[in-house]
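Take a look at this one; I'll ask things after.
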């Protein structure tokens with residue numbers, strides 16, 4: 001039995017009355033006994049209070065652990081938060097307040113209760129020591145405001161979440177930017193949305209959070225499609241599909257292909273539309289949402305077949321779907337009505353097509369899906385025109401035209417916003433650059449004045465120095481040219497010698513080792529066979545390193561991809577590649593030197609960069625072959641590295657670029673990664 005704090009205070013007050021000084025000098029024996037028992041009671045109560053506090057701390061520890069493992073149990077979370085506040089353990093209180101807001105927002109839809117928690121928590125938020133907990137709290141509050149439609153408050157709290165996550169939690173930084181991007185999408189600020197989502201992707205890349213990286217790219221893809229940026233949409237989607245296939249179990253890949261089919265239909269690419277839908281069905285076979293996606297994807301394919309005169313295929317799919325009533329009702333109903341409308345029209349059953357079209361339009365008006373309403377109005381106009389009902393055909397066409405103009409105007413405003421945002425960003429950067437240029441120009445003018453003063457006093461000396469310097473530079477250029485020619489001849493001889501040694505190893509030693517391996521297989525001792533096989537494998541590896549045979553057989557693009565795959569398999573670095581076919585633009589010598597440059601750069605990254613991810617891109621641009629290699633490693637001072645003895649690899653890359661008349665660009669700073677670009 002515990003004594004409450006209130007009762008404990010009452011007992012202390014009574015004891016204090018008994019302990020007041022008495023006017024009598026001597027106490028009776030009975031009074032002494034009473035006093036002894038009162039003192040004993042006070043001591044006992046004090047010990048009980050200490051034990052009570054100790055028990056409360058133990059209880060909080062248990063509740064904290066239980067709440068961490070049951071983040072959606074609101075009653076448990078409330079008990080934990082209440083006790084943590086009582087014991088002034090504010091880190092624990094705010095951590096589980098964030099969990100409780102999440103539960104109210106997503107699971108139980110008690111948004112008003114969640115908002116009440118904010119005013120209670122903000123009062124002691126500054127007392128929280130772990131700022132990562134503060135970041136998580138602000139993120140959950142931002143999500144709450146977003147789903148409540150308070151977009152301005154949501155943006156402010158996403159900014160706070162990002163601020164407190166800085167240098168502490170890359171994942172929360174990325175999620176905060178992602179959240180801002182989604183808010184900007186909803187309020188129609190397309191420019192800021194695009195930039196925020198791109199920033200989120202950079203953080204997800206750093207954190208190697210592939211799932212959220214894919215989700216962010218999917219949002220950008222949808223954003224571009226809705227606003228008519230179809231080229232950008234296709235580029236983003238191709239990158240997204242590559243990432244999703246690398247992730248292997250990305251659950252929403254069928255929806256990515258389905259959205260691609262919708263955009264192909266908008267741009268009248270019907271073959272692409274059908275191809276994307278078939279890919280969606282194939283991807284859906286391994287999706288954890290297979291049962292959810294299957295009716296939608298099949299009905300979409302049926303609609304596409306009906307639009308493209310494949311009536312038998314469309315009819316077969318729809319008959320299969322109609323066997324299950326759940327596949328044509330609820331969420332699937334609009335897809336079913338759309339497919340039936342198109343199929344009956346293709347079969348020239350125009351009255352049936354009208355019935356399905358009107359039902360489809362009614363459903364879409366209820367959900368305010370303007371693009372689908374526009375498409376339904378257009379289709380009904382086509383039906384009534386075929387039936388000869390000009391009045392209704394004109395009515396639906398006018399509705400279609402109004403919606404089209406409205407959506408077009410919205411798109412134009414968003415596009416304008418997008419480019420305005422880019423313009424403001426570039427203008428700000430240009431202003432900073434101009435200020436820096438002005439400072440440098442002022443510094444140069446002052447320096448020039450000083451130089452003229454010195455020149456007036458020491459003109460003859462300076463003239464003499466200039467002559468000496470010019471002669472020295474001329475001599476140095478000649479020496480440098482001779483050195484470059486010598487280096488190029490050495491490198492060419494080296495490649496020839498490598499090729500020769502590689503061929504001799506392959507044709508002579510390799511053949512002999514192969515015979516030795518076969519003979520060893522007849523011996524009873526298997527160790528001889530293993531030794532011979534390992535030796536043969538080593539000889540082949542050495543031969544390949546001396547001269548990559550795959551380069552000669554398959555060309556540069558395939559050889560580069562195999563080189564990267566080999567390094568990827570044997571290292572912890574995350575590689576992303578986009579290698580186009582450029583073999584038709586390269587001679588044998590150019591392909592070899594470009595391959596060696598790629599090989600050298602990747603070896604330098606593995607040895608020195610400490611990078612977690614690398615991007616390799618090979619493309620055609622304005623009749624040029626462009627090789628780009630980027631990493632997020634420690635970077636280096638390029639000019640300083642060239643002056644040291646440790647820059648043999650860089651000098652080798654420079655010489656190879658000179659041999660094939662390519663331009664080399666290297667951008668790198670300490671702790672900011674490195675970008676190497678070769679333009680041939």
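For the list (1) modelled with pLDDT under 90; (2) over 30 Å from residue 88 (Cβ atoms); (3) in contact with a helix residue (DSSP H, G or I) (Cβ under 6 Å, 6 or more places away or on another chain), I need the number of the one condition that residue 178 fails.
Only one criterion is unmet by residue 178, namely (1).
Would you mind stating whether residue 626 is assigned by TED's automatic domain parsing to the domain that holds residue 579, in contact (Cβ under 8 Å) with a residue 40 or more places away in the chain and on the phi < 0 side of the Ramachandran plot?
yes
Any idea which of 353, 381 is buried (at least 18 other Cβ atoms within 10 Å of the Cβ), more than 21 Å from residue 402 (Cβ to Cβ) and modelled with pLDDT of 90 or more?
One residue alone meets the criteria, 353.
I would also like to ask the following. Please tell me if residue 214 is touching a helix residue (DSSP H, G or I) at 6+ places or on another chain (Cβ under 8 Å), under 30 Å from residue 572 (Cβ atoms) and surrounded by 22 or more Cβ atoms within 10 Å (Cβ to Cβ).
Spelling it out, residue 214 is indeed touching a helix residue (DSSP H, G or I) at 6+ places or on another chain (Cβ under 8 Å), under 30 Å from residue 572 (Cβ atoms) and surrounded by 22 or more Cβ atoms within 10 Å (Cβ to Cβ).
Considering only segment 70-85, state which residues are part of a helix (DSSP H, G or I), over 14 Å from residue 127 (Cβ atoms) and in contact (Cβ under 8 Å) with a residue 24 or more places away in the chain.
Once the filter is applied, which keeps residues that are part of a helix (DSSP H, G or I), over 14 Å from residue 127 (Cβ atoms) and in contact (Cβ under 8 Å) with a residue 24 or more places away in the chain, segment 70-85 yields 74, 77, 83.
If you don't mind, there's one more thing I want to ask. If only one of 145, 90 is on the phi < 0 side of the Ramachandran plot and in contact (Cβ under 8 Å) with a residue 24 or more places away in the chain, which one is it?
Just a single option satisfies the conditions, and that option is 90.
Related question: Kindly provide the set of residues from segment 105-129 that are within 28 Å of the chain's Cα centre (by Cα) and either under 16 Å from residue 142 (Cβ atoms) or at pLDDT 90 or above (or both), ordered by number.
Of segment 105-129, the ones within 28 Å of the chain's Cα centre (by Cα) are 105-107.
If the condition is that a residue be within 28 Å of the chain's Cα centre (by Cα) and either under 16 Å from residue 142 (Cβ atoms) or at pLDDT 90 or above (or both), then 105, 106 are the ones that fit.
Still on this model: Can you give me the number of residues within segment 280-291 that are crowded, with 16+ Cβ neighbours inside 10 Å and either part of a helix (DSSP H, G or I) or touching a strand residue (DSSP E or B) at 6+ places or on another chain (Cβ under 9 Å) (or both)? Can you show your working first?
As a first pass, look at segment 280-291 and keep what is crowded, with 16+ Cβ neighbours inside 10 Å: 280-281, 283-284, 287.
Filter once more, keeping what is either part of a helix (DSSP H, G or I) or touching a strand residue (DSSP E or B) at 6+ places or on another chain (Cβ under 9 Å) (or both): 280-281, 283-284.
Summing the residues that are crowded, with 16+ Cβ neighbours inside 10 Å and either part of a helix (DSSP H, G or I) or touching a strand residue (DSSP E or B) at 6+ places or on another chain (Cβ under 9 Å) (or both) in segment 280-291 gives 4.
I need a count of the residues in segment 542-563 that are at pLDDT below 85 and in a helix (DSSP H, G or I).
Filtering segment 542-563 down to residues at pLDDT below 85 leaves 542-554.
Still in the list and also in a helix (DSSP H, G or I): 542-546, 549-554.
Qualifying residue count, segment 542-563: 11.
The values are calculated or read from the model by the stated rules, or taken from the named source; none is laboratory data. These figures come from a predicted structure and were not determined experimentally. Don't worry about glycine lacking a Cβ; one is built from the backbone with ideal geometry, like all the others, and counts go over all protein chains shown.
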